[in-house]
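Down below is the structure, laid out as structure tokens.
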Amino acid sequence: MKQPKMNRVLGILASAWRGVAAARKITMNLIFLAIVFALLAVALRDGKPNVPDSTALVIAPKGQIVEQLVGDPVDKVKGMLTGNTKPETLGRDLVRTIRAAKDDKRVKALLIDLNSLTGARLAMLQDLKAAIEDFKESEKPVIATSDFYFKTQYYLASAADEIYLTDMGAVILDGYSRYRTYYHDGLERLEVDSNIVRVGEFKSAVEPFLRDSMSEKAKEANLEWLGDLWRSYLADVAAARGLTPEALTDGIENLNAHLNAAGGDLSQMALDAGLVDHVGGRDLLRQRMIELVGEDEEEHSFNRIGHAEYLEVVGEDVKKGKSGKVAVIIAKGTILDGSHPPGTIGGDSTAALIRRARNDEDVKALVLRVDSGGGSAFASEVIRQEFVLAREAGKKVVVSMAGVAASGGYWISTASDEIWANPNTITGSIGIFGMLPTVQKPLAKYLGIRVDGVGTTWIGGQGRPDRALDPRLKELVTQAIQKGYRDFLARVAEARNMTTEEVDVIARGRVWSGIDAHEMGLVDKLGGLDEAIASAAELAELGDDYSVEYVEKELDWKDKIVADLLTRVAGYLQANEDLARPSFERRALGALREFADILSGFNDPNGMYAYCFCEAE
């Protein structure tokens, strides 16, 4: 009797499971169809987005503001829709929309919502601030809002006519810093041999593997360029808010005393210091915007259009002309050998873009926009040689340095007619290092694993991480690294009309700000991308009637359709969001993991890297 009952129970369970599986398939299919219909509904909507006769343009950057978005367009937008990628906002898109809105009679005000902004280099922030200040010449009000302002958010907010802060928010100006994790003692305890070779006492990229603290040389160099950034930051913010740098510094140095005077209220402290103009709930801002641009009765809010939708309306803002083209090539990210998607500088893929511009008869000048701490020396030279060929073909080459153009980022800049840098560009770091860590000792000690064998030459089997490095190989690498450094000095000396001895004095891996680099002759002029483009056109004698074209990887027709579809959907979703809520992200990865991730991507065939770990926090 028991067996039949058990069979019936199993039968019921099997039927139930089949029902659950069927329901799951139906649910997933319905979700899929809903997504498809939503995509089609947005993609096939008639015409361009509607701009109300009286509206606010909302600039709400998400994540990092960057020179170039990471990844190919299709994967990037897919990731944005699914939440599987870090949000990024293209800086030049923001600048383009602000410029277009200046003379658009329908746009009555500019709202800068900074709640979702997580970071941007100071050089990028200065370009955006300049665009905002230009917009203000139209006498249209500029409003800034955020629940919390840290130094990045507040820099942009300072350019506004009115700054709003929630009553439980704060303004925290924490300055710039450079802290790293040092692993030398831990590696020694594990008996890991780092086998590092470097040239330049200021080349601090590998210090964490050689020391347990920052060297005095590194502290000296870091404080120099961090100080330049901070002084520039304080001067810009103080001027925008009608304050003095000394007042801002006092607010930071005596933070506890000022907070005590405000009764422990961070938002009141910011108001008392003149850092913000209004403190209150979100409805305070909403009512102010309704007063300025009118009410959207359906949304019970103010009339507005987001920058992504507004871009569809204004279209491309690339200069068109007949005398010739200036081709702009973006080099953002780590320099690696081979071909790589945007956001990483592939030696072969970037060289292909330069070659395409060189072979275009209409292109008379090239502008390289660099935002990179470097990487593979081999890939850097591949890129540099393409610019040499472009100049030999009669093209003018101008470099525009963004937030960082150091080490390999400077290497690829040397084959140019002119170098422009932002005053706060992090540049220099002219030096080379190589690293061949081996773990044969901890493998044997802790796991009992050993490696043995034979080879027909002494070099056979060398370079394995589980074998001790032969002293002869380390000597070989040392000679190659030293030769690489001499080559680097020679490239710079030729480009800057200096002797290698003169370059060596300001090289040795030391990082400089754009201001210092200009004084030392490492760059020619100080200014942004627009100035570099105009200078390239002038060098090529194009007059005022020239075109500007961004040279990027071309998509096939299928990818173009998908990318356009998904971009429109993403823009629609972004434009229909409420004002962003604050997001607090904790760093999930430590410095060791970050360093390991970077090194795992390095693929120089010679194992030589011109890289600068020179990020400011």
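For the range 166-176, does any single residue satisfy the condition of being under 24 Å from the mean Cα position of the chain (by Cα) and within 27 Å of residue 375 (Cα to Cα)?
Pass one, the range 166-176, residues under 24 Å from the mean Cα position of the chain (by Cα): 171-176.
With the extra rule that they be within 27 Å of residue 375 (Cα to Cα), the set shrinks to 176.
Yes, some residue in the range 166-176 is under 24 Å from the mean Cα position of the chain (by Cα) and within 27 Å of residue 375 (Cα to Cα).
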If I filter the range 281-314 down to residues being touching a Lys or Arg at 6+ places or on another chain (Cβ under 9 Å) and among the acidic types (Asp, Glu), which single residue comes out as farthest from residue 162 (Cα to Cα)? 312
Please find, among 337, 371, 417, the residue that is of a type in the set (D, E, K, R), touching a strand residue (DSSP E or B) at 6+ places or on another chain (Cβ under 8 Å), modelled with pLDDT under 95 and buried (at least 19 other Cβ atoms within 10 Å of the Cβ). 337
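Across the range 420-474, which residue is surrounded by the fewest Cβ atoms within 10 Å (Cβ to Cβ) among those that are of a type in the set (D, E, K, R) and more than 30 Å from residue 381 (Cα to Cα)?
In the first step, residues of the range 420-474 are kept if they are of a type in the set (D, E, K, R); the result is 441, 445, 450, 452, 464, 466-467, 470, 472, 474.
Next, only the ones that are more than 30 Å from residue 381 (Cα to Cα) stay: 441, 445, 450, 452, 466-467.
Working: 441: 13, 445: 11, 450: 10, 452: 6, 466: 12, 467: 17.
So, considering only residues that are of a type in the set (D, E, K, R) and more than 30 Å from residue 381 (Cα to Cα), the one surrounded by the fewest Cβ atoms within 10 Å (Cβ to Cβ) is 452.
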Residue list for the range 233-245, restricted to those being under 27 Å from the mean Cα position of the chain (by Cα) and surrounded by fewer than 20 Cβ atoms within 10 Å (Cβ to Cβ): 235, 236, 238, 239, 240
Of the residues in the range 163-185, those that are surrounded by 13 or more Cβ atoms within 10 Å (Cβ to Cβ) and outside any strand (DSSP E or B) come to 172, 173, 175, 176, 178, 180, 182, 183, 184
Residue pairs qualifying under the 8 Å Cβ cut-off, at least six apart or on distinct chains, with the first in the range 188-203 being crowded, with 16+ Cβ neighbours inside 10 Å and the second being charged (D, E, K, R) and part of a loop (DSSP other than H, G, I, E, B), are 199/508; 200/508; 200/510; 202/508; 202/510; 203/508
So residue 245 passes all but one of these: (1) touching a helix residue (DSSP H, G or I) at 6+ places or on another chain (Cβ under 8 Å); (2) farther than 23 Å from residue 516 by Cα. Which condition number does it fail? (2)
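Which ones in the range 111-162 are among the basic types (Lys, Arg) and part of a loop (DSSP other than H, G, I, E, B)? Walk me through how you get there before you give the answer.
Going residue by residue through the range 111-162, those that are among the basic types (Lys, Arg) are 121, 129, 136, 140, 151.
Selection gives 121, 140.
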Is there a residue being in contact (Cβ under 8 Å) with a residue 12 or more places away in the chain, part of a strand (DSSP E or B), under 20 Å from the mean Cα position of the chain (by Cα) and buried (at least 17 other Cβ atoms within 10 Å of the Cβ) anywhere in the range 388-398? no
I'm told residue 88 meets every condition in (1) closer than 18 Å to residue 51 by Cβ; (2) of a type in the set (Asp, Glu); (3) touching a Leu at 6+ places or on another chain (Cβ under 7 Å) except one. Can you identify the failing condition by its number? (1)
How many of the residues in the range 416-446 are more than 19 Å from residue 222 (Cα to Cα) and under 24 Å from the mean Cα position of the chain (by Cα)? 4
Within the range 149-180, which residues are over 30 Å from residue 220 (Cβ atoms), modelled with pLDDT of 95 or more and aliphatic (A, V, I, L, M)? 156, 157, 159, 160, 163, 165, 170, 171
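Tell me, yes or no, whether the range 335-345 has at least one residue that is of a type in the set (Ser, Thr, Tyr) and free of Cβ contacts under 8 Å to residues at least 60 places away in the same chain. Step through it out loud before you land on a result.
Of all residues in the range 335-345, those of a type in the set (Ser, Thr, Tyr) come to 339, 344.
Subsequent filtering for residues that are free of Cβ contacts under 8 Å to residues at least 60 places away in the same chain retains 339.
Checking the range 335-345: at least one residue is of a type in the set (Ser, Thr, Tyr) and free of Cβ contacts under 8 Å to residues at least 60 places away in the same chain.
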Odd one out for residue 308 among (1) within 21 Å of the chain's Cα centre (by Cα); (2) over 30 Å from residue 509 (Cα atoms); (3) assigned to a strand (DSSP E or B): (3)
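Taking residue 88, is it more than 30 Å from residue 251 (Cα to Cα), in contact with a helix residue (DSSP H, G or I) (Cβ under 9 Å, 6 or more places away or on another chain), among the acidic types (Asp, Glu) and assigned by TED's automatic domain parsing to the domain that holds residue 308? It would help to see each step written out before you state the result.
Working: more than 30 Å from residue 251 (Cα to Cα): yes; in contact with a helix residue (DSSP H, G or I) (Cβ under 9 Å, 6 or more places away or on another chain): yes; among the acidic types (Asp, Glu): yes; assigned by TED's automatic domain parsing to the domain that holds residue 308: yes.
Considered against the rule, which asks whether it is more than 30 Å from residue 251 (Cα to Cα), in contact with a helix residue (DSSP H, G or I) (Cβ under 9 Å, 6 or more places away or on another chain), among the acidic types (Asp, Glu) and assigned by TED's automatic domain parsing to the domain that holds residue 308, residue 88 comes out as yes.
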Given the conditions (1) free of Cβ contacts under 8 Å to residues at least 12 places away in the same chain; (2) part of a helix (DSSP H, G or I), and given that residue 357 satisfies all but one, which numbered condition is not satisfied? (1)
On the given criteria, is residue 530 among the acidic types (Asp, Glu) and buried (at least 19 other Cβ atoms within 10 Å of the Cβ)? no
I'm told residue 326 meets every condition in (1) outside any strand (DSSP E or B); (2) at pLDDT 90 or above; (3) among the β-branched types (Val, Ile, Thr) except one. Can you identify the failing condition by its number? (1)
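Confirm whether residue 279 is assigned by TED's automatic domain parsing to the domain that holds residue 110, hydrophobic (A, V, I, L, M, F, W, C), crowded, with 17+ Cβ neighbours inside 10 Å and in contact with an Asp or Glu (Cβ under 6 Å, 6 or more places away or on another chain).
Numbers: assigned by TED's automatic domain parsing to the domain that holds residue 110: yes; hydrophobic (A, V, I, L, M, F, W, C): yes; crowded, with 17+ Cβ neighbours inside 10 Å: yes; in contact with an Asp or Glu (Cβ under 6 Å, 6 or more places away or on another chain): yes.
Considered against the rule, which asks whether it is assigned by TED's automatic domain parsing to the domain that holds residue 110, hydrophobic (A, V, I, L, M, F, W, C), crowded, with 17+ Cβ neighbours inside 10 Å and in contact with an Asp or Glu (Cβ under 6 Å, 6 or more places away or on another chain), residue 279 comes out as yes.
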Note on the range 246-257: residues assigned to a helix (DSSP H, G or I), surrounded by fewer than 17 Cβ atoms within 10 Å (Cβ to Cβ) and not aliphatic (A, V, I, L, M) are 246, 249, 250, 253, 256
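Let's see how each residue does on (1) at pLDDT below 60; (2) assigned to a helix (DSSP H, G or I); (3) loosely packed, with under 14 Cβ neighbours inside 10 Å:
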{"position": "56", "(1), (2), (3)": "no, no, no"}
{"position": "77", "(1), (2), (3)": "yes, yes, no"}
{"position": "89", "(1), (2), (3)": "no, no, no"}
{"position": "101", "(1), (2), (3)": "no, yes, no"}
Select from the range 255-295 the residues that are touching a residue at least 40 places away in the same chain (Cβ under 8 Å) and not hydrophobic (A, V, I, L, M, F, W, C) and list them in ascending order. 267, 277, 278, 280, 281, 282, 288, 294
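For every residue, the table says whether it meets (1) modelled with pLDDT of 95 or more; (2) in contact with a Leu (Cβ under 8 Å, 6 or more places away or on another chain); (3) closer than 30 Å to residue 464 by Cβ; (4) assigned by TED's automatic domain parsing to the domain that holds residue 478.
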| site | (1), (2), (3), (4) |
| --- | --- |
| 184 | no, yes, yes, no |
| 196 | no, yes, yes, no |
| 216 | no, no, no, no |
| 221 | no, no, no, no |
| 240 | yes, no, no, no |
| 264 | yes, no, no, no |
| 270 | yes, yes, no, no |
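The values are calculated or read from the model by the stated rules, or taken from the named source; none is laboratory data. This is a predicted model, so every value here is computed, not measured. Positions of Cβ are generated from backbone atoms using ideal geometry, with glycine treated the same way; all protein chains shown enter the neighbour counts.
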